[in-house]
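Worksheet: one structure, shown below.
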Amino acid sequence: MQHFGVVHELFNPMPGRFKDYIALPKANMYQSLHTTLIGPKGIPFEVQLRTWDMHRIAEYGIAAHWAYKEANKNKRTTVKVEEDKLSWLRETLEWQKDMQDPQEFLNTLKTELFEDEVYVFTRNGDIRVLPKGATPIDFAYNIHTDIGHKMTGAKINGKMMPIITKLNNGDIIEIITTEGAKGPSRDWLKFVKSSSARNKITQWFKKEDREENIEKGKYLLQKEIKRIGMHEEQLYKGEYIESAIDRYKFGDISDMYASVGFGAVSAGKIISKLLYEYRKDHEEENIEEKIEELVTKKKVPEKNAKSGVIVKGIDNCLVKFSKCCNPIPGDEIIGYITRGRGVSIHRKDCINIKDLFQEEERIIDVEWSGEEKTRYKADIELRSNDRSGLVADIAREMNNLKADMLLINSKVIQDRIVVTEMTIEVESLDALNKVLKALRKIDSVYEVSRKK
């Protein structure tokens with residue numbers, strides 16, 4: 001520290017710009033002292049102070065530092081690499097095993113290396129380093145995967161807080177778990193900041209949905225084989241299957257079935273590859289027409305019978321409506337390809353659209369089929385002056401419109417303003433607009449809007 005004392009005497013330090021990465025090293029083992037000073041001409045500059053060992057890690061990385069120590073361990077027998085100093089590297093290699101996409105692994109590594117950090121503590125005083133903006137969800141998965149999966153609540157500094165609360169330096173975190181917990185929620189992926197937590201949550205959902213997708217993939221392939229007038233035993237030879245697995249980079253046949261069931265690759269493409277291999281052994285058979293039919297057949301997008309939505313380019317795809325915006329026929333919509341849960345349908349004015357477009361490659365075109373008979377949920381908010389009988393008048397109006405009201409909740413806020421939140425079921429956007437128009441005519445109601 002005497003060196004910092006010298007530079008602080010020569011130049012004035014900028015308040016709040018001193019960082020001690022020695023007491024609290026970064027996750028990638030970077031250690032140094034940083035201070036920012038005001039130069040002679042008023043231009044700020046940074047001074048970094050570290051030992052030669054710290055400098056070697058900063059310049060060449062923890063792996064190079066480890067190799068250097070190993071090469072010199074005979075000369076300095078007291079020096080050895082502690083196990084925890086390579087824990088970050090081991091964890092990074094574990095992510096790589098679960099990620100087939102090299103770009104995804106690179107993005108994960110960049111995030112983990114360069115993200116600003118927050119330092120928090122367990123109830124026992126152990127320090128945990130997390131990315132800036134991390135939540136108790138990140139903390140739980142940092143402790144152990146099972147703790148994250150069984151998490152049902154969190155205390156921050158002894159006080160119960162939402163599990164999506166952003167953590168601050170010095171916070172003491174206690175995770176509440178339940179043995180009967182159903183596992184993580186997909187919404188957690190919107191809030192987690194650490195790559196480790198995101199990867200563990202994603203892997204959990206892949207395993208949960210895998211069996212369902214495998215069975216669906218088998219069915220779709222069987223259906224396509226029957227459609228072209230062939231039998232499974234003709235195409236399901238080991239070498240044919242291996243060729244298809246190699247072509248689409250599947251791990252095994254189960255991965256192939258799961259990918260077809262999810263919609264990542266169409267059954268037609270797999271059958272086309274199998275037919276191509278089949279033709280090599282059966283040159284005497286004329287199967288060109290079958291291949292041509294698979295390749296050139298006009299795709300008629302199939303709608304989900306319950307949703308009435310067409311996903312362009314993917315047949316038999318699982319479709320789910322997002323709860324954040326509850327789209328209904330007439331709304332402008334987009335699709336978002338989730339990991340293992342089919343396509344999630346959002347309104348184009350959904351509050352989460354900006355987050356979705358950060359992964360633009362997952363956005364897919366969707367449209368209403370025009371034949372839907374389903375009823376859809378819509379959330380409505382009314383603001384009115386406080387008066388007796390208000391809720392009864394709302395219920396009466398909904399009954400006159402023959403609109404189903406699933407939920408209603410009213411509360412009085414400041415200045416005797418009443419906020420009423422409702423969830424209703426309607427068949428289309430036109431039907432919803434009729435409901436909104438009727439509710440606006442109720443006495444004392446001055447604002448009616450659909451929640452985004």
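The values are calculated or read from the model by the stated rules, or taken from the named source; none is laboratory data. Predicted model, so just to flag it, every value in this text is computed and none were measured. We place every Cβ from the backbone using ideal geometry, glycine too, and count neighbours over all the protein chains shown.
Structure above, values below:
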{"quantity": "Filter result for ARG396 (basic (Lys, Arg) and modelled with pLDDT of 80 or more)", "calculated": "yes"}
{"quantity": "Residue within the range 415-423 that is under 12 Å from ALA378 (Cβ atoms) and not hydrophobic (A, V, I, L, M, F, W, C) present", "calculated": "yes"}
{"quantity": "Filter result for the condition that a residue is under 24 Å from VAL343 (Cβ atoms) and touching a helix residue (DSSP H, G or I) at 6+ places or on another chain (Cβ under 9 Å), over GLY229, GLY251", "calculated": "GLY251"}
{"quantity": "Some residue of the range 228-235 being small (Gly, Ala, Ser) and either in the same structural domain as VAL120 (by TED's automatic domain parsing) or closer than 16 Å to ALA134 by Cβ (or both)", "calculated": "no"}
{"quantity": "Residue match in the range 49-58 (condition: modelled with pLDDT under 75, within 30 Å of SER196 (Cβ to Cβ) and either assigned by TED's automatic domain parsing to the domain that holds TYR119 or not hydrophobic (A, V, I, L, M, F, W, C) (or both))", "calculated": "yes"}
{"quantity": "Strands (runs of 3 or more DSSP E) lying entirely in the range 367-452 (those with 3 or more residues that are in contact (Cβ under 8 Å) with a residue 40 or more places away in the chain and within 21 Å of ASP349 (Cα to Cα))", "calculated": "376-385, 417-426, 445-450"}
{"quantity": "Selected residue (only one of ILE214, ILE253, ILE270, ILE225 is of a type in the set (A, V, I, L, M) and farther than 23 Å from VAL311 by Cα)", "calculated": "ILE253"}
{"quantity": "Unique match (being within 18 Å of TYR257 (Cα to Cα) and at pLDDT below 90) among ASN199, ASN169, ASN213", "calculated": "ASN213"}
{"quantity": "Subset tally (residues that are among the small types (Gly, Ala, Ser) and over 20 Å from GLU117 (Cβ atoms)) for the range 158-180", "calculated": "2"}
